[in-house]
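So the structure is just underneath, and the comments pick up after that.
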Amino acid sequence: MALKLRDAPGFPDYIEGQTNHQFMQAAWAQGPLAIDDKGIVSVFSAEHMAMLIDDRWTRQLELEIMRASGVSGGAMYDFIRDVMLFSNDQVHRNRRGPMVKTFAHRAIAELRPEVATRCAGLIAPLVGTGSTDFLGAIAGPLPALVVASVMGAPEEEAAFFASHVYSAIRGLSIVPDDVREESTRDMAALDSYMETLVAERRARPKEDMLTSYLQRVQGGPMDENEVRAQLLALLVAGSDTTRGALTATVSQLMQNPAQWDLLVSDPERWAPAAVAEGLRFDPVIGSLARVTTERRELAGYDIPAGTIVGPSMLTALRDPAVYAEPDRFDITRTDHPRLHPIFGGGPHRCLGEALARIELEEALIALARLAPHMSLDGPPARLSGYGAVRIVSLLQVVL
Ligand code: HEM
């Protein structure tokens, strides 16, 4: 007989000094799932995460976060209503399809030399200049520059993208009113920027991804707002994630000098492995979120339809059933699954994975080549939070 969800454990008390990982491990030690005071169910194992992000008995959240925050209009509401990430079934396919074709593997792979040049351009001038704010000088600008170039937007606009995206993104969670207002204002600014860029490109097509995307969606099922929302999705989904992942990975490498030396010994060979391990060890995504669409049993509990479930990345990526010695940062490990769970799964699996990997790998290669003696100049960076994109702290280094 399956247990009722109301009998599931809650979260344990937080013990002062615990890391996010330790707290979630303590929750997992109580049982395979835990329920919080809002009725959201966290599941911990890699196997349960894979089951829940498959769309056979769950769906993606749509406007639930907006409703829970009492928001019923404005730029952020419109974005969430129109974007692929928060849609399901045919609507999702309509929105994702043209972008998948635009983001075809070959087209992205061709960007690698340009990304490598951008990385060198950011890093080389900082070598030998003393203490450097890694987040502000390298990890933040890089994704903004790359996405600006994918869109064919002028390089000078990258700083505008970066600052507005980091502010706007906060509105994807439940936040205080003043933060929501700011984030909505910045989302509106990004949207009107995109409107201008799209109009310009339609008037004067170029040989770039934006032009090919606009040609592809011409006469299709999406309205104008949706067309812009998928473009904004690239900015929103590709900035904070890549910036946090790069900072956290570099921070881990700095704390593990033998692993850094290995990377420096052969950057091309070890960068992909260092990226995979960095993304696993301290994941930039805390958890995913889904709503169950039918009643089913999971881990001995009866889960009703309509339950919000949050598979935890923090625990799934340290699941001992998948990874040997999961608490060890080891770029030589060979037990990463073929599809890295950090990029999700099912119909919403990250569309920018290939681009993110290129950015992260090329940044590590450039650092290892140009700044092989790089060191920390302050505390290591920490990612914090349990859900969505985790917040990264500052990282001061000497290159
Ligand atoms: C380290 C970097 C990144 C990580 C860890 C990451 C992770 C993820 C995850 C977990 C999802 C699925 C969310 C869910 O299932 O609810 C996702 C979706 C998505 N990502 Fe990424 N991402 C990264 C970088 C990027 C980049 C660079 C881009 C594009 C420029 C991008 C574009 C997208 C888009 C458009 C979606 C929505 C896909 C859909 O709903 O069909 N991501 N990402």
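Okay, here's what the table says:
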{"read-out": "Where Arg382 falls short, out of the listed (1) surrounded by fewer than 19 Cβ atoms within 10 Å (Cβ to Cβ); (2) within 16 Å of the ligand (Cβ to nearest atom); (3) at pLDDT below 95; (4) not β-branched (Val, Ile, Thr)", "value": "(2)"}
{"read-out": "Some residue of the range 359-372 being in a loop (DSSP other than H, G, I, E, B) and surrounded by 19 or more Cβ atoms within 10 Å (Cβ to Cβ)", "value": "yes"}
{"read-out": "Subset of the range 12-36 [farther than 19 Å from Leu317 by Cβ and of a type in the set (A, V, I, L, M, F, W, C)]", "value": "Ile15, Ile35"}
{"read-out": "Meets criteria (outside any helix (DSSP H, G or I) and in contact (Cβ under 8 Å) with a residue 12 or more places away in the chain) for Ile174", "value": "yes"}
{"read-out": "In the range 13-25, the residues that are surrounded by fewer than 16 Cβ atoms within 10 Å (Cβ to Cβ), touching a Phe, Trp or Tyr at 6+ places or on another chain (Cβ under 9 Å) and of a type outside the set (Ser, Thr, Tyr)", "value": "Ile15"}
{"read-out": "Selection within the range 70-92 - closer than 20 Å to Val309 by Cβ and of a type outside the set (Val, Ile, Thr)", "value": "Leu85, Phe86, Ser87, Asn88, Asp89, His92"}
{"read-out": "All positions within the range 99-114 that are within 12 Å of the ligand (Cβ to nearest atom) and either farther than 22 Å from Ala363 by Cα or not β-branched (Val, Ile, Thr) (or both)", "value": "Met99, Val100, Thr102, Phe103, Leu111"}
{"read-out": "Residues that are out of contact with any strand residue (DSSP E or B) (no Cβ under 9 Å at 6 or more places or on another chain) and surrounded by fewer than 23 Cβ atoms within 10 Å (Cβ to Cβ), drawn from the range 133-144", "value": "Gly136, Ala137, Pro141"}
{"read-out": "Looking only at the range 205-239, and only at residues there that are within 16 Å of the ligand (Cβ to nearest atom) and among the charged types (D, E, K, R), the one that is surrounded by the most Cβ atoms within 10 Å (Cβ to Cβ)", "value": "Arg228"}
{"read-out": "Tabulated pairs, the range 69-86, first within 14 Å of Arg180 (Cα to Cα), second of a type in the set (Gly, Ala, Ser) and assigned to a loop (DSSP other than H, G, I, E, B), C-beta under 9 angstrom, 6+ apart or interchain", "value": "Ser69/Ser173"}
{"read-out": "Residue selected from the range 63-88 under the condition modelled with pLDDT under 95 and acidic (Asp, Glu), by the criterion farthest from Gln218 (Cα to Cα)", "value": "Glu64"}
{"read-out": "Leading residue by the ranking (nearest to Met209 (Cα to Cα)) among those in the range 87-119 that are assigned to a loop (DSSP other than H, G, I, E, B) and touching a residue at least 12 places away in the same chain (Cβ under 8 Å)", "value": "Phe103"}
{"read-out": "Number of positions in the range 169-219 that are basic (Lys, Arg) and farther than 26 Å from Asn94 by Cβ", "value": "4"}
{"read-out": "Among (1) within 16 Å of Phe281 (Cα to Cα); (2) in a loop (DSSP other than H, G, I, E, B) - the single one Leu394 does not satisfy", "value": "(1)"}
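So that you can scan it fast, the table gives a plain yes or no per residue for (1) surrounded by 19 or more Cβ atoms within 10 Å (Cβ to Cβ); (2) out of contact with any Ser or Thr (no Cβ under 9 Å at 6 or more places or on another chain):
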{"site": "Phe160", "(1), (2)": "no, yes"}
{"site": "Ile169", "(1), (2)": "yes, no"}
{"site": "Ile174", "(1), (2)": "no, no"}
{"site": "Glu182", "(1), (2)": "no, no"}
{"site": "Ala188", "(1), (2)": "no, yes"}
{"site": "Val198", "(1), (2)": "no, yes"}
{"site": "Ala203", "(1), (2)": "no, yes"}
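The values are calculated or read from the model by the stated rules, or taken from the named source; none is laboratory data. All figures in this text were calculated on a predicted structure; none of them were measured in a lab. Virtual Cβ from ideal backbone geometry, glycine too; neighbours counted across all protein chains shown.
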